[in-house]
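For reference, the structure discussed in these notes is given below.
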Amino acid sequence: MKLTSKIWMVITLLLSATNAFAQIKNAQTVSIQVSGNCEMCKKTIESAANIKSIAAVNWNETSKMASITYNNQKTNTDEILKRIALAGYDNTAYLAPDEVYAKLPECCRYNRTLKPVSKMKEAATVKADHNHQGVSAAANTAQLKTVFEQYFALKDALVKSDANAAGLKATALLNAIKAVEMEKLNSAEHSAWMAAVKTLTTDVTNLSKSKDITDQRQTFSSLSVTMYPLAKVAKQDMPVYYQHCPMYNNGRGTNWLSKESTVKNPFYGSKMLTCGSTVEILK
């Protein structure tokens with residue numbers, strides 16, 4: 001009875017994997033070596049790499065080979081292998097950061113023998129020389145600096161209650177988001193960016209298309225929620241002030257980011273320009 005149950009479990013897993021691969025459009029498949037030891041490694045590797053309808057990975061514990069099927073219009077092996085490395089697993093393109101590898105369960109700490117051959121190793125989140133120091137702080141800052149600058153410009157347009165300017169600034173912010181090269185972000189920034197970029201893109205696109213200041217402010221509230229975790233990990237040239245308006249959204253309140261300590265409320269403009277307070281200073 002137990003044997004029968006195990007067989008059915010294997011069949012179910014195989015069918016699920018087949019279905020996941022079948023749903024990927026513009027599919028391209030490659031096999032790449034990825035370090036690891038056990039079933040727990042397999043789960044972590046595949047969870048880090050899989051994206052519904054975009055990428056599906058099947059890692060073999062015996063051969064240490066990962067079969068990667070992906071939509072070549074939506075992603076590439078470089079980005080997939082980068083996510084695997086950031087989850088703690090060395091591969092032929094990227095090495096895992098030392099601090100991430102050290103946090104793996106003891107049974108998952110494989111023998112580190114791989115050396116990456118990626119042409120982008122100087123821009124990778126981890127370096128090929130096993131120092132694992134990532135790219136310089138200056139490069140990281142430059143990657144996200146324009147995103148924050150355009151966010152602050154959008155905030156200023158809303159402070160002035162200028163819907164046309166807000167739409168233009170949102171378009172500039174959208175372009176800045178699209179220009180970010182994720183391979184140049186450090187480990188913490190990369191993780192935060194991957195978690196935020198889809199929502200950021202949706203909110204900024206909607207805001208750029210709107211001509212109604214009320215709708216723009218509502219979307220900016222959502223946008224600010226998504227920007228906050230990114231601001232927490234990103235290197236900044238100067239302090240960023242996380243500010244709170246207690247009146248917005250029928251008294252439920254909302255937050256926003258500012259490069260100025262003085263409160264200039266983007267949700268009410270001149271009607272209640274100084275309504276709010278700084279709740280956190282990010283440095």
Just to be sure before I move on: is LEU95 open to solvent by 10 Å² or more (accessible area, probe 1.4 Å), assigned to a loop (DSSP other than H, G, I, E, B) and hydrophobic (A, V, I, L, M, F, W, C) in the structure I sent? no
Pairs, first free of Cβ contacts under 8 Å to residues at least 40 places away in the same chain in the stretch 247-267, second part of a loop (DSSP other than H, G, I, E, B) and not charged (D, E, K, R), C-beta under 7 Å, six or more apart: MET247/CYS275; TYR248/PHE267; GLY253/PRO246; THR254/TYR248; THR254/PHE267; VAL263/THR274; VAL263/GLY276
Could you go through the stretch 237-246 and let me know if any residue there is assigned to a strand (DSSP E or B) and within 16 Å of LYS145 (Cα to Cα). yes
On the basis of being at pLDDT below 95, open to solvent by 50 Å² or more (accessible area, probe 1.4 Å), under 30 Å from LEU95 (Cβ atoms) and touching a Leu at 6+ places or on another chain (Cβ under 9 Å), does SER191 make the cut? yes
Picked from the stretch 1-25 (must be open to solvent by less than 70 Å² (accessible area, probe 1.4 Å) and at pLDDT below 55), the residue farthest from ARG109 (Cα to Cα) is SER5
Six or more apart or on different chains, Cβ atoms under 6 Å: show the pairs whose first residue is in the stretch 128-157 and at positive phi and outside any helix (DSSP H, G or I) and whose second is at pLDDT below 50 and hydroxyl-bearing (Ser, Thr, Tyr). GLY134/THR125
Residue tally, condition among the charged types (D, E, K, R) and either touching a strand residue (DSSP E or B) at 6+ places or on another chain (Cβ under 8 Å) or open to solvent by less than 60 Å² (accessible area, probe 1.4 Å) (or both), over the stretch 26-72: 3
Note on THR75: of the conditions (1) surrounded by fewer than 18 Cβ atoms within 10 Å (Cβ to Cβ); (2) at pLDDT 90 or above, unmet is (2)
Just to be sure before I move on: is MET247 surrounded by 13 or more Cβ atoms within 10 Å (Cβ to Cβ) and modelled with pLDDT under 95 in the structure I sent? yes
For the stretch 194-230, how many residues meet the condition of being under 17 Å from ALA166 (Cα atoms), of a type in the set (A, V, I, L, M) and open to solvent by 20 Å² or more (accessible area, probe 1.4 Å)? 1
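The values are calculated or read from the model by the stated rules, or taken from the named source; none is laboratory data. The structure presented is a predicted model; accordingly, all values stated were derived computationally and were not measured. Every residue, glycine among them, receives a Cβ derived from its backbone with ideal geometry; neighbour counts consider all protein chains shown. What goes into the accessible areas is simple: the full protein's heavy atoms, side chains included, and nothing from ligands, DNA or RNA. Shrake-Rupley method; radii C 1.70, N 1.55, O 1.52, S 1.80 Å.
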